[in-house]
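Data first, discussion second: the structure below is written as structure tokens.
The values are calculated or read from the model by the stated rules, or taken from the named source; none is laboratory data. Note that the coordinates shown come from a computational prediction; the quantities given were computed from them, not determined experimentally. A quick note on method: Cβ atoms are made from the backbone with ideal geometry, for glycine too, and the neighbour counts reach across all protein chains shown. Keep in mind that these areas ignore ligands, DNA and RNA; they rest on the heavy atoms of the full protein, side chains included. Shrake-Rupley method; radii C 1.70, N 1.55, O 1.52, S 1.80 Å.
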Amino acid sequence: MVQEPRPRTARAEAAAGQPVAPTVPADGTDIASIAPYLKPDEAELLRRAHAFSARAHAGQFRRGGEPYITHPMAVAKTLADWRMDSQTLAAALLHDVVEDTGTSHEDIKTHFGEAVANLVNGVTKLDQLQFESKKHAQAENFRKILLAMARDIRVILIKLADRLHNMRTLEAMSSEQRRRIALETLDIYAPIANRMGLNALYHELQELAFRHLHPTRYRVLEKAARAHGDRQEALDKIRQAIVTKLSECGIECDVYGREKHLYSVYRKMQEKHLAFTEVSDIYGFRVIVADIPTCYLALGTLHGLYKPIPGKFKDYIAIPKANGYQSLHTTLFGPLGTPLEVQIRTRDMHRLAEAGIASHWMYKTGGAGLSEAQRMTHQWLQSLLDIQADSRDSVEFLEHIKVDLFPDEVYVFTPRGKIMALPRQATAIDFAYGIHTDIGNHCVAARINGDYMPLSTPLRNGDRVEIITTDSARPNPAWIHFAVTGKARAHIRSALKHANRHESEILGLQLLNQALRGLGVNPNDVDAARWEQLHKLSGRSRSDILMEIGLGKKLGVMVARQLLAREADTTPRVAGPMLIHGSEGVAVRLAKCCRPIPGDPIIGQIKKEQGLIIHTHDCPQVRHYREDPDKWVDVEWEPDLGKVFDVSIRITVINARGVLAKVAAAIAGEGSNIDDVRMEEEGGEYTNLFFTVQVQNRVHLSRLMRALRSLREVSRIARLKGGQEGHSANII
């Protein structure tokens, strides 16, 4: 953060013809020494970037009083620890000059090339734009960063290093700012670090955020942890026992003992409602061995030393996590009766676990020879572009990707045996969209472990999933309620939005034509010139106007009068009713409250944002609308529909063995399907059976009810309307 403006910018000095000469930090250290692995020409780029940044930030100080240049230097140092390339380090030194000084993107491009300029641009906030709220501004900044990250992963690595140094120096900020930044870090940056496989960074960001978000709770836990002085001694004893046992079996290894991070302890206390003293599995050990076969040998040896806890073993070597993490995890009964968490991995796996994707950058290979971890990360990054394309705004985009950032995962198999990682609680619909958007858009069912299951079925580790599709299938609005992944939710919403628009336009055209006929005009007589005139007056296209009529935002009769340039008091004639065939789609729906079927007198209710809802004439939901002709549309059933419709009935039966089977057989005997059934005790002698059955029309329903009434066990039967079972029942 800046306390006072800098007196002169690097841009102004360059314009004055003053060269930007290489310099060294104030302590005399050569800036290139932070990355001794760089070649001479790469080191020179780093020196020039530092000189440029120092001049640009001259006169600027951080809230803590240090010269501002110390911040980009710290960011570059973190990236150098990850052994990033010279372009990334140069961009780290320059990452704030566009945002906080008079330097432009073109200045960076001129002095350091397009690659460095694009990296700087990727991490630069959008402060110059105006947003309707801080929430929208934050979401738009994240969207910009993540999309830049999809093009070049180095953008997010710079941003993560930037956030790490800011979190380490957060004490200088106000308490409100500390809480906001800490929450943002827990919600977004720590999960991104985990998704990138930066394990050490992930835990440090969590610890720092916890300390600033809940300072009192952090201090209490820290004090409680220090009070257990015997823990380090216990750790040393267990570590020595592990080393001795593995050495006896000829296994060369490095063993590190550790205690759980405070935030991990706190989260476990919150999730399981435990006191600190009740959190037992706080000991953890890492065993580093030479190769993969030795990992499994060490696992067997440790299971011989301490008994394993059933169900607490995970093989992330055979099935790596989505971020490339590999390790064997097991939990053992320790010598003190407390659980011990043990991770067994090779040295390469350990390096990847700590440095993550930064240990082998994708931009260097460009797809050739990518590891499985890199491919999975690249696939996730590309999915960000798909989610962005199908999100209405930056807030929705951020909502979608947050789901994909949390670490809990479930691993399932495709029919060909390929492993797919999905978030915990993901369902078959998430799997379908994870395979391909077209498969998700056209799926109708799933076969899980050989059994047909609904698309809402949550998936479990090891499930083998096959998706059943048909060309005629389309996304269902109900899917959004059980879809978990950002990709699935974004594509479902996008498909529904486009389908709803198309259907709303069709309905809008029908309503407008009906209104025109009511005004005595043949719809075919309304030419393009009238539409063009209306477009000039309203600024809306023909398609937009029809959609708004279909969604109930505009009245068809009002648009008809505008098209014809007639006065509002023109008395419309009675136009013919609009025909309903029962499968119009999203824009025309049959009301759930009264469940109209062909043969019922019906009325169409125009509801804003929902389109046309079809009710029966006697439905209580539309009684108060009937007095306002602008709120309803005259509709009739199209003859000979040949479709089935849901209807609810209540059957009161005598309690007797096999009565449900008799009723179900009678329903099936009349060619009707049972969609839902529920039972409710009425008294000692009678039971109410509530059925949702499918019938073709009112005549079919009457025939069905006569067949049911003929059963000796049936006492009463009624069709249900009004939305509440047991109320507003019409006896037929």
If you take the Cα atoms of region 432-551, find Rg, then find the Kirkwood Rh from the mean of 1/r over all pairs, what is Rg/Rh?
1.20
Average accessible area per residue (Å²) across region 464-536 - probe 1.4 Å, nucleic acids and ligands excluded:
51
Take each of the peptides 660-668, 432-440, 67-75, 292-300, average the number of other beta-carbon atoms within 10 Å over its residues, and list them starting from the highest.
67-75, 432-440, 292-300, 660-668
Per the 1/(1 + (r/R0)^6) rule, R0 = 41 Å and r from the Cβ atoms of LYS237 and ASP291, FRET efficiency to 0.05 is 0.90
With a point put 7 Å past each Cα toward its Cβ, work out how far TYR686 is from ALA529 in nm, to one decimal.
7.1
So if each residue of separation counts as 0.36 nm, and I subtract the Cα-Cα distance between LYS223 and ARG424, what length gain in nm does that give?
69.0 nm
So how much slack lies between ALA200 and GLU259, counting 0.36 nm per residue of separation and subtracting their Cα-Cα distance, in nm?
19.8 nm
Students sometimes get this wrong: rank GLU548, GLU681, GLU44, GLU106 by accessible area, probe 1.4 Å, all chains present, largest first.
GLU681, GLU106, GLU44, GLU548
As a test question: what accessible area, to the nearest 10 Å², does ASP471 have when a 1.4 Å probe is rolled over all protein chains in place?
140
Can you list the HN-Hα couplings for region 661-670, worked out from phi with the Karplus curve (6.51, -1.76, 1.60; θ = phi - 60°), rounded to whole Hz and with x for Gly and Pro?
5, 5, 5, 4, 5, 5, 5, 5, x, 9
Long-range amide H contacts for ARG464: which residues qualify at under 5 Å (H placed 1.01 Å from N, peptide plane, sequence gap of 5 or more or a different chain)?
PHE413, ASN449
With the cut-off at 28 Å, tell me which of the pairs LYS245/LYS418; LYS268/LYS321; LYS223/LYS312; LYS260/LYS314; LYS497/LYS643 have Cα atoms farther apart than that.
LYS245/LYS418; LYS223/LYS312
Grab the beta carbon distance between THR469 and ARG657, set R0 = 51 Å, and tell me the FRET efficiency rounded to 0.05.
0.70
